[in-house]
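Enquirer: Structure below; questions to follow.
What follows is calculated from the coordinates using simple rules that are stated; it is not laboratory data. Remember, predicted model here, so these are calculated numbers, not experimental data. Positions of Cβ are generated from backbone atoms using ideal geometry, with glycine treated the same way; all protein chains shown enter the neighbour counts.
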Amino acid sequence: MDAALVAGIVLVVGIAVLLLARVPIAVAVGFSAFVAVAAVIGMEKASFVAAQRMFTGVNSFALLAIPFFILAGVLMNNGGIAGRLIDAAKVLVGRMPGSLAQTNVVANALFGSVSGAAVASAAAVGGVIGPRQAKEGYDRNFSAAVNVASAPSGMLIPPSNTLIVYSLVSSTSIATLFVAGYIPGILWAVACMFIVWLYVRRHPGVGVTERVPLKLALLTLWRAVPSILMIVVVIGGILAGIFTPTESAAIAVVYCLVLGFAYRAVKVKDLPAIVLDATRTTSIVMLLVGVSTIMAWVMAFSGIPAAISSALLGLTSNPSIILVLIMIILLIVGTFMDPTPAILIFVPIFLPIVTEFGVDPIHFGIMVTFNLCLGTITPPVGNVLFVGAKIAKLRVEPVIKSLVPFFVALIVMLFIVAFIPQLSMWLPSVLGLSGP
């Protein structure tokens with residue numbers, strides 16, 4: 001049997017078996033890739049090649065943005081920013097039907113866009129706003145579903161670690177991806193707000209709140225300005241060419257640290273625990289990136305991407321059908337795999353296929369990210385789902401039932417984003433950032 005074929009079989013079967021055995025995905029990918037390399041070039045050389053590939057994979061200046069943004073997110077989560085953003089969101093949507101649930105959606109979009117982490121948004125915003133919704137008569141399962149469904153919007157609105165990983169794999173511009181994510185990220189939030197509006201129409205006595213006085217509203221918005229201004233500093237600096245995305249991540253850390261001290265929510269004695277928390281998350285992401293580069297080498301050697309491409313093209317030559325098939329595959333993958341490893345594994349396979357049909361890599365990146373964000377709120381692996389249910393002190397099953405309308409709306413929005421490229425590409429083109 002051909003060595004390349006053996007390597008491909010070992011890689012695919014090994015990852016599948018280990019994942020079914022609930023082995024951590026980084027270990028599953030790394031071990032399977034190493035065994036596949038050994039099958040190709042022998043055990044003696046496999047250790048050297050695997051180590052070299054791992055080092056090459058993480059030896060990237062652009063990747064430094066990830067640990068910095070993760071640290072910035074942890075600082076925000078501990079720095080009193082969530083409460084201020086929630087108050088600001090309440091002012092912005094306070095007159096809408098179901099204002100507190102709408103506030104949850106907007107607050108998650110704001111906090112997620114600042115922190116770039118859906119899990120952090122679900123924990124920080126849900127912990128503050130959940131009890132308030134219960135007092136106003138909202139069903140607790142629905143409240144948890146609103147929080148869970150809206151949290152991933154921040155993974156599309158920059159800065160986003162998921163988009164940074166896609167940029168690494170696809171060799172596309174981080175700045176262009178960041179800008180391209182704004183409209184789809186906002187559309188994610190709009191879809192959630194629409195479902196909340198439908199819920200309130202069926203439950204007219206729920207979520208009735210008093211009008212916020214103008215003076216208090218202005219004061220609340222003013223208190224939130226420093227937190228929201230971080231987005232302007234980070235993204236504005238990148239677009240103006242003042243600093244690179246990696247440098248902007250470091251600036252975000254300093255900015256969040258200053259805010260935390262200014263709000264008196266972070267003390268010097270808290271810093272070791274904050275750094276340790278960020279280090280744990282960073283180590284997981286970097287290990288995934290490292291082992292995925294070994295896997296990418298094996299896949300290229302064994303011709304797996306070309307084989308899958310030929311299989312898809314053998315089914316149909318219609319670009320729309322192929323795009324739908326890819327989205328269905330990614331929807332299934334997202335239910336049992338986090339976005340980062342899914343991007344590292346499947347983008348090298350699917351990107352050459354879609355670019356052959358003229359799909360822009362930037363647009364495809366937004367489509368893939370939107371798709372995999374759905375997996376974060378889907379069982380059995382959806383981290384945001386489980387965190388949101390835990391914060392609300394509820395069982396997962398009833399929360400999933402309340403999530404069904406959000407799933408439907410978000411899947412519809414996914415297809416809209418996928419088949420209307422202008423939603424992703426219009427803003428980059430206006431700012432002169434189109435192209436990889």
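Enquirer: Picking from P272, V233, W222, whose Cα lies most toward the positive end of the charge dipole for the stretch 176-281 (charges on Cβ: Lys, Arg +1; Asp, Glu -1)?
Expert: W222
Enquirer: Working from the alpha-carbon coordinates of the stretch 297-373, get Rg over Rh, Rh being the Kirkwood radius.
Expert: When Rh is taken as the Kirkwood radius, the ratio is 0.94.
Enquirer: With +1 on each Lys and Arg Cβ and -1 on each Asp and Glu Cβ, how big is the dipole of the chain about its Cα centre, in debye rounded to the nearest 20? Intermediate results must be reported in sequence, preceding the final value.
Expert: Details: 22 positive and 13 negative charges, 310 e Å.
Here the size comes out at about 1500 debye.
Enquirer: How high is the relative contact order of the stretch 1-115? Use alpha-carbon pairs under 8 Å, at least six apart in sequence, and give a whole percent.
Expert: Relative contact order, the stretch 1-115: 18 percent.
Enquirer: Compute the helix-to-body angle for 161-170: its Cα long axis versus the longest principal axis of the chain, expressed 0 to 90° and rounded to tens.
Expert: 30 degrees
Enquirer: As a footprinting exposure proxy, order F350, F386, F111 by other Cβ within 10 Å, with the fewest listed first.
Expert: F386, F350, F111
Enquirer: Please give, to one decimal in nm, the separation of the simple spin-label points placed at V412 and D139, each 7 Å out from Cα toward the Cβ.
Expert: Once both label points are built, they end up 1.9 nm from each other.
Enquirer: Determine, from the Cβ-Cβ distance of W426 and L229 and an R0 of 22 Å, the FRET efficiency 1/(1 + (r/R0)^6), rounded to the nearest 0.05.
Expert: Here the calculated transfer efficiency is 0.30.
Enquirer: Still on this structure: Taking Cα atoms, how many degrees apart are the long axis of helix 81-93 and the longest axis of the chain, rounded to 10 and kept between 0 and 90?
Expert: Roughly 70 degrees between the two axes.
Enquirer: What FRET efficiency, computed as 1/(1 + (r/R0)^6) with R0 = 45 Å and r the Cβ-Cβ distance, is obtained for T316 and R22, rounded to the nearest 0.05?
Expert: So the FRET efficiency works out to roughly 0.80.
Enquirer: With angles folded into 0 to 90 degrees, how steeply does helix 25-41 sit against the dominant principal axis of the chain? Use alpha carbons for both and round to 10.
Expert: 10 degrees
Enquirer: Need one number: nm distance between label points at V12 and V254, each 7 Å from Cα along Cα→Cβ, rounded to one decimal.
Expert: 5.0 nm
Enquirer: Here's another thing I want to ask about it. In what sequence, highest mean first, do 145-151, 85-91, 119-125 appear when ranked by Cβ atoms within 10 angstrom?
Expert: The peptides rank, most packed first, as 145-151, 119-125, 85-91.
Enquirer: Between F243 and L325, what length comes free when the chain is fully extended (0.36 nm per residue of separation minus the Cα-Cα distance, one decimal in nm)? Provide the component values of the computation, followed by the final result.
Expert: Details: separation 82, 0.36 × 82 = 29.52 nm, distance 3.90 nm.
Once the chain is fully extended between F243 and L325, it gains 25.6 nm.
Enquirer: Relative to the present Cα-Cα distance, how much length would full extension add between A307 and R264 at 0.36 nm per residue of separation?
Expert: Separation in residues times 0.36 nm, less the Cα-Cα distance, equals 9.8 nm.
Enquirer: Taking H as built 1.01 Å from N, whose amide H comes closer than 5 Å to the amide H of L433, not counting residues under 5 places away?
Expert: Amide H neighbours of L433, under 5 Å, 5+ apart: none.
Enquirer: At 37 °C and 0.692 mPa s, grab the translational diffusion coefficient of the stretch 43-162 from Stokes-Einstein with a Kirkwood Rh over Cα pairs, rounded to a whole number in µm² per second.
Expert: Reported coefficient: 208 µm²/s.
Enquirer: OK, next. If packing is taken as the mean number of other Cβ atoms within 10 Å per residue, what is the order of 360-367, 170-177, highest first? Write out the running numbers ahead of the final one.
Expert: Working: 360-367: 24.0, 170-177: 20.6.
Those peptides, ordered most packed to least, come out 360-367, 170-177.
Enquirer: Right, next: Quick one: of K267/K390; K269/K390; K135/K393, which pairs are farther than 18 Å apart, Cα to Cα?
Expert: On the way: K267/K390 27 Å; K269/K390 28 Å; K135/K393 15 Å.
Listed pairs above 18 Å: K267/K390; K269/K390.
Enquirer: Label-point separation (nm) for F336 and K215, each offset 7 Å from Cα along Cα-to-Cβ?
Expert: Distance between the two pseudo-spin positions: 6.1 nm.
Enquirer: Nearest 500 deg cm²/dmol is fine: what mean residue ellipticity at 222 nm does the chain get from its DSSP H runs of n ≥ 4 alone, each adding -39,500 (n - 2.57), divided by its residue count? Display every interim value, and only then the final one.
Expert: Values: 21 runs with 342 residues, N = 436.
Value at 222 nm, helices only, nearest 500: -26000 deg cm²/dmol.
Enquirer: Using +1 at the Cβ of each Lys and Arg and -1 at the Cβ of each Asp and Glu in the chain, identify which of G83, V165, G181 lies farthest towards the dipole's positive end.
Expert: Looking along the dipole axis, the top candidate is G83.
Enquirer: If you don't mind, there's one more thing I want to ask. Tell me which aspartates and glutamates have Cα within less than 15 Å of K215's Cα, excluding those fewer than 8 residues away on the same chain?
Expert: D87
Enquirer: Quick check of the Kirkwood formula: for the stretch 60-430, what is the inverse mean of 1/r over all pairs of different Cα atoms, in Å?
Expert: Value: 20.9 Å, from the Cα pair sum.
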